[in-house]
1. In debye, nearest 20: dipole of the chain around its Cα centre with unit charges on the Cβ of K, R (+) and D, E (-)?
2. Please work out whether the chain counts as rounded, prolate or oblate from its C-alpha gyration tensor, where a ≥ b ≥ c are the square roots of the eigenvalues and a/c under 1.5 means rounded, while otherwise a/b larger than b/c means prolate and anything else oblate?
3. Is the C-alpha gyration tensor of the stretch 14-64 telling us rounded, prolate or oblate? Criteria: a/c under 1.5 is rounded; beyond that, a/b larger than b/c is prolate, otherwise oblate.
4. For the chain, what does the helix formula give at 222 nm: sum of -39500 (n - 2.57) over DSSP H segments with n ≥ 4, over the residue count, nearest 500 deg cm²/dmol?
5. Which loop trypsin sites (Lys or Arg not before Pro) in the chain, with loop taken from DSSP, have no more than 13 other Cβ atoms within 10 angstrom of their Cβ?
6. Hey, can you grab everything whose amide H is under 5 Å from the amide H of residue 5? Only 5+ residues off in sequence or another chain; H modelled, so Pro and N-termini drop out.
7. Show the residues, 5+ positions off or on another chain, whose built amide H is closer than 5 Å to the amide H of residue 18.
8. Which net charge results for the neighbourhood of residue 8, defined as the other residues with beta-carbon distances under 11 angstrom from its beta-carbon, given Lys and Arg at +1 and Asp and Glu at -1?
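Every number in this text was worked out from the coordinates using simple rules, so none of it is lab data. This one's a predicted model, so the numbers in the text were calculated from it and none came from an experiment. For neighbour counting, all protein chains shown are included, and Cβ atoms are generated from backbone atoms with ideal geometry for every residue, glycine included.
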Amino acid sequence: MNQRQRCPLCGGLVKPDQEVERVVRERDDVAIVRVRADVCADCGEALLHPGMADRIVAAKAALRRGIQAGAVVGRVFDLRASIQPS
Ligand SMILES: [Zn+2]
């Protein structure tokens, strides 16, 4: 029997080798990247596989350089001025 991995945060069972999306932000630019991770079925914590953090760093670097490396999807609405924290 395989010993299933447990979440380091909550102790829940971890679903191995999932594909998850990460939203990467650099100033006001945002990119979506796919990474592989083991994901906790209880709290949703994603434990990134080796090398996946490099994808996130690369995406931030691409945004910083102003490169449009992929399709433009969706819109971003700036509600910072109109919706205030209470
Ligand atoms: Zn968890």
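1. It comes to approximately 160 debye.
2. Oblate is the answer for the chain, as a/c is 1.5 or above yet b/c matches or exceeds a/b.
3. Here the stretch 14-64 falls in the prolate category.
4. -5000 deg cm²/dmol
5. 4, 27, 65, 75, 80
6. Amide H neighbours of residue 5: 14.
7. Long-range HN contacts for residue 18: 37, 38, 39.
8. That sum, taken over residues with Cβ under 11 Å, equals -1.
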